[in-house]
Every structure is written in C-alpha cells, then in structure tokens.
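S.K.: Quick one: the structure is below, and I'll ask about it shortly.
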Amino acid sequence: MTITAAPATESAVSFGLEVRAGLCQAGQKTLPSKYLYDPLGSALFEAISLLPEYGLTRAEERILRRHAEEIVSHVPRPVLVSELGSGNGRKTRWILSALCGREPLSYYPIEISRAALDSCQSELSDIEAVSIVGVEREYLDGLREVAALRPEGTHLLVLFLGSTIGNFDGGADARFLRDVRRFLLPGDSLLLGADLIKPLDRMLAAYDDPPGVTAAFNLNLLARINRELGGDFNLRGFEHVARFNEMTSSIEMHIRSRREQVVHVRDSYAVAFKEGETIWTESCHKYTREAIAALAVASGFRQQAQWMDDEWPFAETLLLAS
Ligand code: AVJ
C-alpha cells in the first residue's frame with residue numbers, strides 16, 4: 001500500500017496559521033474541528049464512541065453491518081471506493097467485505113490524521129482482495145487525486161460516514177457536497193451518514209458525558225496547541241461546554257475561559273480572554289430526513305435508498321450523482 005503523504009511542514013504551517021486566525025479574530029474565537037484528531041484526540045474520539053451516552057457510532061455500525069449487502073446491491077460495478085475521513089475504518093469493513101466478491105477492490109481512505117490512516121490500514125488489512133491506499137490530504141484535495149486515477153468505465157463510491165457532514169455548519173454542508181459532486185460522474189454514488197434530531201436531553205448527554213471524555217477530547221485541542229505551537233494554555237483555566245443551538249439545529253462545542261487571562265503562542269502573539277468567553281471548536285448539525293433529501297437535491301444528487309437504526313435516530317443515505 002502506498003501513502004500519498006502531505007509534506008509534514010505544509011500541514012504544520014496550516015495548523016499554525018489557522019489557529020492564529022481563529023484566536024485573533026474580532027468577536028467569537030474559533031478553532032477548526034478537524035484539528036481535534038491528533039493521535040491523542042483520535043484515541044479520545046474512539047473512547048467517546050464507546051460511551052453509553054454517545055450512540056451515534058454504534059448506530060451507524062449496526063446499519064452498515066445489517067444492510068451492507070443491500071447497500072452495495074445499488075452500486076454500479078466495477079467500482080472504486082474512497083472515503084472522506086475514514087477514522088479507524090471499523091465501520092467500513094462491512095461495505096468493503098460486501099463489495100469484494102472475486103474481483104479485487106481498491107480502497108482510498110482520505111484523512112489529514114496520519115494516526116487515523118495508520119489504524120485504518122491495520123484494522124482492514126485482513127480483508128483479502130482489497131488494496132488500501134491511504135491518502136493524507138484534505139478531503140477535496142484527496143478526492144481530486146482519487147478521481148483522477150480512476151480507470152475508464154469504473155464508478156466511484158464515496159463514503160462520507162459518521163455524520164462528519166454535520167461539522168459543516170451554516171449551509172457549508174450543501175456547498176461541500178456540491179464540491180464533492182464536481183469530482184463525480186453520473187452513475188457514481190455517495191453513501192452519507194447523518195445523525196438525526198432527537199430529544200434535547202439525549203443530544204446534550206452525548207456531547208457532555210459524566211466521566212468527561214468529551215471534555216478531554218475538546219480540551220486536548222488546547223493541549224495540542226501547547227505541544228505543537230509552543231502555546232502556554234493552562235488547561236485548568238478552561239472548561240468544556242456543549243449547547244444546542246435551536247436556530248441552526250446544531251450541538252455546539254465550546255471551550256470557556258473560567259477567568260480573565262492572557263495566553264501566548266510562542267513569542268509571536270498573545271490572546272486575551274474575558275471571564276466566560278468561549279472558543280467555538282465544533283458544530284454537529286442534527287438533521288431531519290426532509291433536510292437530508294433537500295441537501296441531496298441541492299447538491300446534484302438523487303436519493304437512491306435510505307436505512308435507519310431503530311435504537312438511535314441516524315440515517316444512512318445512498319445518493320446517486322445525477
Ligand atoms: C466524528 C464529527 C461525527 O460530531 O458527533 C463527538 C465528533 N464531537 N463528540 C460528532 C464529536 C464530540 C463527531 N463526529
């Protein structure tokens with residue numbers, strides 16, 4: 001298996017630049033959620049997926065395990081599989097196993113987290129007849145590369161699981177899917193996992209668990225800035241906050257400053273916090289089935305089929321590029 005790796009310096013530079021931009025802007029401070037997944041953050045997310053309160057990952061795993069055969073029966077062959085944000089690859093196993101009958105299959109997971117790519121490759125290495133080619137890139141850059149190397153006559157199946165789509169807030173989800181659609185041809189498909197809206201107490205508990213795993217996952221972003229960018233955040237001066245924004249139908253994760261304080265990143269800049277001021281670190285949009293259907297149409301897809309879990313409202317939708 002080959003790895004298309006981003007030059008290490010390039011990704012370190014964009015992390016530094018995006019952190020600076022997000023912390024120094026006027027108004028609401030922000031940090032991009034994609035940076036939550038360093039090796040420790042990826043391990044903490046795996047722990048989150050085991051929490052009784054966080055049913056999302058298990059719900060999707062049940063759907064894919066139960067319906068993999070039916071899902072792939074809708075996918076035109078021959079097919080090349082790519083995945084936007086594979087994580088540890090555990091959910092993908094069911095799709096890949098269902099797809100690889102006798103003909104060999106190529107699978108291109110796209111991840112900016114090298115740690116996730118490594119665990120994905122070892123998780124899935126036992127599936128014979130699948131060759132895994134990790135692509136260490138931002139989603140759209142990676143998809144452009146994968147689309148360029150598809151053999152003529154081969155269809156693309158793009159997996160976008162785990163409700164990562166929900167991290168694109170404020171209409172960015174439709175824009176992102178339209179960008180994905182541009183790399184596809186009619187007959188290609190997109191399997192989209194989206195978490196559905198559910199009672200408020202259940203949604204809040206999923207993002208603010210009693211043992212504090214999600215809090216550690218969130219605060220690790222500050223620890224990462226300390227480790228990689230020479231920041232001096234005192235993590236005890238900050239706390240995890242999860243709230244539901246009714247207007248946008250999103251859980252928002254923030255990191256709140258417990259007091260007035262000043263933080264430095266290297267010697268190059270200082271960031272002042274007021275007591276109670278927050279850094280917005282993630283949005284997790286919660287969909288209705290109607291919203292998913294509208295999103296599909298708005299971004300150039302046709303809804304082919306949909307599967308749901310009966311314990312935890314979650315929808316897996318197969319979209320066909322129209
Ligand atoms: C991996 C993006 C789907 O939005 O639920 C879990 C990340 N954040 N707990 C989500 C997450 C806090 C997760 N996704």
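S.K.: When residues of the range 205-222 are filtered for being among the hydrophobic types (A, V, I, L, M, F, W, C), more than 11 Å from the ligand (Cβ to nearest atom) and farther than 18 Å from GLY237 by Cα, how many remain?
M.R.: Residues meeting the conditions: 1.
S.K.: Let me confirm something: among GLU252, GLU260, GLU290, which residue is under 21 Å from PRO313 (Cα atoms) and either at pLDDT below 95 or surrounded by fewer than 16 Cβ atoms within 10 Å (Cβ to Cβ) (or both)? Break it down stepwise before answering.
M.R.: Working: GLU252 fails: either at pLDDT below 95 or surrounded by fewer than 16 Cβ atoms within 10 Å (Cβ to Cβ) (or both); GLU260 fails: under 21 Å from PRO313 (Cα atoms).
Exactly one residue qualifies, and that residue is GLU290.
S.K.: Can you confirm whether the range 81-98 contains a residue that is part of a loop (DSSP other than H, G, I, E, B), free of Cβ contacts under 8 Å to residues at least 60 places away in the same chain and away from the ligand (no atom under 16 Å from the Cβ)?
M.R.: Checking the range 81-98: not a single residue is part of a loop (DSSP other than H, G, I, E, B), free of Cβ contacts under 8 Å to residues at least 60 places away in the same chain and away from the ligand (no atom under 16 Å from the Cβ).
S.K.: For the range 179-198, check the following and say yes or no: at least one residue is free of Cβ contacts under 8 Å to residues at least 60 places away in the same chain, within 16 Å of the ligand (Cβ to nearest atom), in a loop (DSSP other than H, G, I, E, B) and in contact with a strand residue (DSSP E or B) (Cβ under 8 Å, 6 or more places away or on another chain).
M.R.: Here is the first cut: in the range 179-198, the ones free of Cβ contacts under 8 Å to residues at least 60 places away in the same chain are 179, 182-183.
Among the residues that remain, those that are also within 16 Å of the ligand (Cβ to nearest atom) are: none.
Scanning the range 179-198 turns up no residue that is free of Cβ contacts under 8 Å to residues at least 60 places away in the same chain, within 16 Å of the ligand (Cβ to nearest atom), in a loop (DSSP other than H, G, I, E, B) and in contact with a strand residue (DSSP E or B) (Cβ under 8 Å, 6 or more places away or on another chain).
S.K.: Separate question: Counting only residues that are away from the ligand (no atom under 16 Å from the Cβ), among the hydrophobic types (A, V, I, L, M, F, W, C) and on the phi < 0 side of the Ramachandran plot, how many does the range 123-173 have? Please lay out each step first, then the result.
M.R.: Residues of the range 123-173 away from the ligand (no atom under 16 Å from the Cβ): 123-137, 140-158, 171.
Next, only the ones that are among the hydrophobic types (A, V, I, L, M, F, W, C) stay: 124, 127, 129-130, 132-133, 135, 140, 143, 146-149, 156-158.
With on the phi < 0 side of the Ramachandran plot added as a condition, the list becomes 124, 127, 130, 132-133, 135, 140, 143, 146-149, 156-158.
Going through the range 123-173 one residue at a time, the tally reaches 15.
S.K.: Here's a follow-up. Looking at SER86, SER106 in this structure, which one is touching a Cys at 6+ places or on another chain (Cβ under 6 Å), of a type in the set (S, T, N, Q) and under 26 Å from GLU136 (Cα atoms)?
M.R.: Working: SER106 fails: touching a Cys at 6+ places or on another chain (Cβ under 6 Å).
Testing whether each residue is touching a Cys at 6+ places or on another chain (Cβ under 6 Å), of a type in the set (S, T, N, Q) and under 26 Å from GLU136 (Cα atoms) leaves just SER86.
S.K.: Okay, next question. Residues being surrounded by 18 or more Cβ atoms within 10 Å (Cβ to Cβ) and either free of Cβ contacts under 8 Å to residues at least 40 places away in the same chain or over 23 Å from LEU50 (Cα atoms) (or both): count how many of those fall in the range 203-223.
M.R.: Looking only at that region, the number is 4.
The values are calculated or read from the model by the stated rules, or taken from the named source; none is laboratory data. These numbers were taken from a predicted model, which means no experiment stands behind them. Backbone-built Cβ (ideal geometry, glycine too); neighbour counts: all protein chains shown.
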